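S.K.: The structure is given below, and queries will be raised subsequently.
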Amino acid sequence: MTDNSIGTAEQLRDPDYTPPLSRAIPLGIQHVLAMFVSNVTPAIIVAGAAGFGFGSNSPDFPELLYLIQMSMLFAGVATLLQTITLGPVGAGLPIVQGTSFAFLPIMIPLVAGKGVDGLAALFGGVIIGGVFHALLGTVIGKIRFALPPLVTGLVVTMIGLALVKVGIQYAAGGVPAIGTPEYGSLLNWSAALVVIVVTLGLKFFTRGMLSISAVLIGLIVGYIYALAVGMLSFEAIATSWERSAAFALPQPFKYGFEFSIAAVIGFCLMAFISAIETVGDVSGICKGGANREARDTEIAGATYADGLGTAIAGIFGGFPNTSFSQNVGLIAMTGVMSRHVVTCGAIFLIICGLIPKVGGIIRTVPIEVLGGGVIVMFGMVVAAGISMLSDVTWNRRNMVIFAISLSIGLGLQLEPNALQHMGQTARILLTSGLLPAAAIAIVLNLILPEELAEEATEEVSGGHAGQGKGSLK
């Protein structure tokens, strides 16, 4: 709901309008709270896949603190590029940047079981992929035709499907606990369920910021529950707080730089998907906040900022950044289009990223509690993909494209040993499931004729010809 006390209706639709700081700062922090959990979660998941995350006895576990710190810091830096702009870089719109879930299916196999040593190749891919992503800003308008809702919806669905296993593992006790009596215990699941129940309750029975920050509040309640039942102690919190510095600057190339073909190809291919997502967010912000279409310069500038923000983050140990879609809805709800409001939120993120004690507290969240939030978040990614697919006309041609892409992509993800005789690069790229599904969908969408004869698909449909929207004719 628009708050007219902040400014006139015309001012609220103006990205260059600056509300009073007493209102701009809380509104900016509100934007940060809406994306805070999603922003730091990829760092936690990558560290867990590498073997030095929650529940591990790795001596490198403290490195997780640095990765969390960089996630906050460079989400803020990338957001500033979007709001303040740097020449042609940035849209000059209230776009909130954050660490992207989309790249997780690529990052996880790159670092799996390699510890900190696996990060050099990963961040090499982030830097090169970020530069490539920025270059897409020059041609983004010309490649949109290759990524219709059939392709983008499939890709987003595959991202969620690739990650839902992580949520279940976390809720049960984390990968290090697999094979122990504690894994999947009622106590572990109770903590995750508390988070899920509170999140759903807030999402469906409240409005405004309570609803938008449902996952964050659910995690806070789950954290308190973990303290109450003895899963977490005040001593552990105090120790983590004391061992975390009050201030620390990022270190360039802290984990080194390694050129990996698999990482470069993976990050560059995912840049296409991320760029199209940003186009959608820019269009949504302009439509919902200013009731107009996005300009070509805004779309190009947003893509430049996506890529440059990602490349800079990679230098210092941050992960790929992209625009956060949940903030599009927040702008539509508040009716405040001011980019300077989001600038306040970006500064808040940067301050948090320079204070490791913030990450020190995040690091004490029990993995079971985080699992409850992750189950909701990744489930929502799947749901978002399905929502995008609802815009597809489900004729026989599109069903064949979707069927082949999903079957091969999800199949390779579920049975990675099917590619055991291939080289390491091919295995990393193909077993993500995401890249083969996207590549097949894009190619088939470009080369298949617009219509397939009924007899061309009836034999393989098993009687499920489809009777929904866009019936198969």
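S.K.: Among the residues of segment 135-175, which ones are within 19 Å of LEU370 (Cα to Cα), of a type in the set (A, V, I, L, M, F, W, C) and surrounded by fewer than 18 Cβ atoms within 10 Å (Cβ to Cβ)?
M.R.: Scanning segment 135-175 gives VAL164, ILE168.
S.K.: Further question on the same structure: For VAL374, only one of the following conditions fails: (1) over 30 Å from GLU235 (Cβ atoms); (2) buried (at least 19 other Cβ atoms within 10 Å of the Cβ); (3) under 22 Å from the mean Cα position of the chain (by Cα). What is its number?
M.R.: The single condition VAL374 does not satisfy is (1).
S.K.: Mind listing just one residue for me: the one in segment 35-50 that is out of contact with any Ser or Thr (no Cβ under 6 Å at 6 or more places or on another chain) and either over 21 Å from VAL215 (Cα atoms) or small (Gly, Ala, Ser) (or both) and, of those, surrounded by the fewest Cβ atoms within 10 Å (Cβ to Cβ)?
M.R.: Let us first name the residues in segment 35-50 that are out of contact with any Ser or Thr (no Cβ under 6 Å at 6 or more places or on another chain), namely 35-38, 41, 44-50.
After this cut, where a residue has to be either over 21 Å from VAL215 (Cα atoms) or small (Gly, Ala, Ser) (or both) as well, the list is 38, 47-50.
Working: SER38: 23, ALA47: 27, GLY48: 24, ALA49: 21, ALA50: 27.
For segment 35-50, the residue satisfying everything is ALA49.
S.K.: What about VAL89, is it at pLDDT 95 or above, in contact with a Phe, Trp or Tyr (Cβ under 9 Å, 6 or more places away or on another chain) and open to solvent by 10 Å² or more (accessible area, probe 1.4 Å)?
M.R.: Working: at pLDDT 95 or above: yes; in contact with a Phe, Trp or Tyr (Cβ under 9 Å, 6 or more places away or on another chain): yes; open to solvent by 10 Å² or more (accessible area, probe 1.4 Å): yes.
In short, yes.
S.K.: Looking at GLY345, GLY360, GLY379, can you tell me which residue is buried (at least 24 other Cβ atoms within 10 Å of the Cβ) and part of a helix (DSSP H, G or I)? Can you show your working first?
M.R.: Details: GLY360 fails: buried (at least 24 other Cβ atoms within 10 Å of the Cβ); GLY379 fails: buried (at least 24 other Cβ atoms within 10 Å of the Cβ).
From the options GLY345, GLY360, GLY379, the qualifying one is GLY345.
S.K.: Same structure again: Do you know which residues across segment 385-406 are hydrophobic (A, V, I, L, M, F, W, C) and crowded, with 17+ Cβ neighbours inside 10 Å?
M.R.: If we filter segment 385-406 for residues that are hydrophobic (A, V, I, L, M, F, W, C), which is where we start, we get 386, 388-389, 392, 394, 399-404, 406.
Within segment 385-406, MET388, LEU389, VAL392, TRP394, MET399, VAL400, ILE401, PHE402, LEU406 qualify.
S.K.: Moving to a separate point now. Find the residue count for segment 382-429, including only residues that are out of contact with any helix residue (DSSP H, G or I) (no Cβ under 6 Å at 6 or more places or on another chain), of a type outside the set (A, V, I, L, M, F, W, C) and not in a helix (DSSP H, G or I).
M.R.: Count: 7.
S.K.: Is segment 427-446 home to any residue that is more than 26 Å from ALA263 (Cβ to Cβ) and either of a type outside the set (S, T, N, Q) or at pLDDT below 85 (or both)? Give the derivation first.
M.R.: Of all residues in segment 427-446, those more than 26 Å from ALA263 (Cβ to Cβ) come to 444-446.
With the extra rule that they be either of a type outside the set (S, T, N, Q) or at pLDDT below 85 (or both), the set shrinks to 444, 446.
Looking through segment 427-446, at least one residue is more than 26 Å from ALA263 (Cβ to Cβ) and either of a type outside the set (S, T, N, Q) or at pLDDT below 85 (or both).
S.K.: Another question, then. Quick one: in segment 178-194, of everything that is aliphatic (A, V, I, L, M) and touching an Asp or Glu at 6+ places or on another chain (Cβ under 9 Å), which residue is most open to solvent (accessible area, probe 1.4 Å)?
M.R.: Step one: of segment 178-194, the residues aliphatic (A, V, I, L, M) are 178, 186-187, 191-194.
Narrowing the set further to residues that are touching an Asp or Glu at 6+ places or on another chain (Cβ under 9 Å) leaves 187, 191-192.
Details: LEU187: 79, ALA191: 0, ALA192: 0 Å².
That would be LEU187.
S.K.: If you don't mind, another one. Could you tell me which of the residues ILE315, ILE351 is part of a helix (DSSP H, G or I), closer than 19 Å to ALA47 by Cα, at pLDDT 95 or above and among the β-branched types (Val, Ile, Thr)?
M.R.: Working: ILE351 fails: closer than 19 Å to ALA47 by Cα.
Sole residue among the options that is part of a helix (DSSP H, G or I), closer than 19 Å to ALA47 by Cα, at pLDDT 95 or above and among the β-branched types (Val, Ile, Thr): ILE315.
Yes/no matrix, rows are residues, columns are (1) within 19 Å of LEU122 (Cα to Cα); (2) among the acidic types (Asp, Glu); (3) in contact with a strand residue (DSSP E or B) (Cβ under 8 Å, 6 or more places away or on another chain):
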| position | (1), (2), (3) |
| --- | --- |
| ILE45 | yes, no, no |
| SER56 | no, no, no |
| GLU63 | yes, yes, no |
| TYR66 | yes, no, no |
| SER71 | yes, no, yes |
| GLY92 | no, no, no |
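S.K.: Can you confirm whether ALA226 is under 23 Å from VAL37 (Cβ atoms), crowded, with 21+ Cβ neighbours inside 10 Å and over 25 Å from the mean Cα position of the chain (by Cα)?
M.R.: Working: under 23 Å from VAL37 (Cβ atoms): yes; crowded, with 21+ Cβ neighbours inside 10 Å: yes; over 25 Å from the mean Cα position of the chain (by Cα): yes.
For ALA226, the condition - under 23 Å from VAL37 (Cβ atoms), crowded, with 21+ Cβ neighbours inside 10 Å and over 25 Å from the mean Cα position of the chain (by Cα) - is met.
S.K.: Limited to segment 7-30, what total is found for residues that are open to solvent by 10 Å² or more (accessible area, probe 1.4 Å) and either β-branched (Val, Ile, Thr) or under 30 Å from PHE123 (Cβ atoms) (or both)?
M.R.: 4
S.K.: Sticking with this structure for a sec: Being out of contact with any Phe, Trp or Tyr (no Cβ under 6 Å at 6 or more places or on another chain), surrounded by fewer than 21 Cβ atoms within 10 Å (Cβ to Cβ) and farther than 20 Å from LYS357 by Cβ is the filter here; which residues of segment 56-79 pass it?
M.R.: Of everything in segment 56-79, those that are out of contact with any Phe, Trp or Tyr (no Cβ under 6 Å at 6 or more places or on another chain), surrounded by fewer than 21 Cβ atoms within 10 Å (Cβ to Cβ) and farther than 20 Å from LYS357 by Cβ turn out to be SER56, ASN57, PRO59.
S.K.: Let me ask something additional. What's the number of the condition GLU235 fails, among (1) within 26 Å of the chain's Cα centre (by Cα); (2) part of a helix (DSSP H, G or I)?
M.R.: Going through the list (1) within 26 Å of the chain's Cα centre (by Cα); (2) part of a helix (DSSP H, G or I), GLU235 breaks only (1).
The values are calculated or read from the model by the stated rules, or taken from the named source; none is laboratory data. Remember, predicted model here, so these are calculated numbers, not experimental data. Virtual Cβ from ideal backbone geometry, glycine too; neighbours counted across all protein chains shown. Just so you know, the surface numbers come from the protein's heavy atoms only, side chains and all, with ligands and any DNA or RNA stripped out. Shrake-Rupley method; radii C 1.70, N 1.55, O 1.52, S 1.80 Å.
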